[in-house]
Amino acid sequence: MKNFTLIILVLFLYNCGYTSIYKNQKVQNFKINIIGTKGDREMNNLIKNELQLYSNKNSTKIYEVKINTDYTKEILTKNSSGEITDYTLSVTSTFAVNLKEKTQIIKLSESIDIKDQSDSFEQNIYEKNIKKNFASSIREKLILKILNLNDS
């Protein structure tokens, strides 16, 4: 009975039509050249590294990209003694993407609310991990936008 249920489940999932949106992403044949950066240097470097990992160095289809990134850490709440308890971390990246003398402006944002930790070393490590996650997320969104540019 368990085997029968397992077989039915596998057949159902196999034929349901589900495909990942990132399935064919690595197969894409284009290169991303970063020709300029402005704004937060650390975030720009993280995004640049993420994009270089994705880029196909042997491709003839080359996108030239300018990055302008704004990273902010804002106080969200304070306790009754005036100590900061929560922050909002946010990043907004504006990309100017050039392909064959056509320029497309793409603006992407990420934000998260975090609690303040008593250990500043742990707080800094946590914020660096969040920045890396922001860069990875922005890269994924940018690649999807570029793929949509190719389709249109």
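The values are calculated or read from the model by the stated rules, or taken from the named source; none is laboratory data. Computed from a predicted model, the values in this text were never measured in an experiment. Cβ atoms come from the backbone with ideal geometry, glycine included; neighbour counts cover every protein chain shown. Each accessible area value is taken on the protein alone, full model and side chains, heavy atoms only, with ligands, DNA and RNA left out. Shrake-Rupley method; radii C 1.70, N 1.55, O 1.52, S 1.80 Å.
General remarks:
- Scanning region 96-109 for residues that are under 25 Å from Lys31 (Cβ atoms) and touching a residue at least 12 places away in the same chain (Cβ under 8 Å) yields Ala96, Val97, Asn98, Leu99, Gln104, Ile106, Lys107, Leu108.
- Against the conditions (1) open to solvent by 50 Å² or more (accessible area, probe 1.4 Å); (2) modelled with pLDDT of 90 or more; (3) more than 29 Å from Ser118 (Cα to Cα), Phe95 satisfies every one except (1).
- In region 39-60, residue modelled with the lowest pLDDT [restricted to those that are in contact with a helix residue (DSSP H, G or I) (Cβ under 8 Å, 6 or more places away or on another chain) and either open to solvent by 100 Å² or more (accessible area, probe 1.4 Å) or among the charged types (D, E, K, R) (or both)]: Glu50
- Residues of region 110-138 that are without any contact (Cβ under 8 Å) to a residue 40 or more places away in the chain, in contact with a Ser or Thr (Cβ under 6 Å, 6 or more places away or on another chain) and surrounded by 14 or more Cβ atoms within 10 Å (Cβ to Cβ): Glu110, Asp116.
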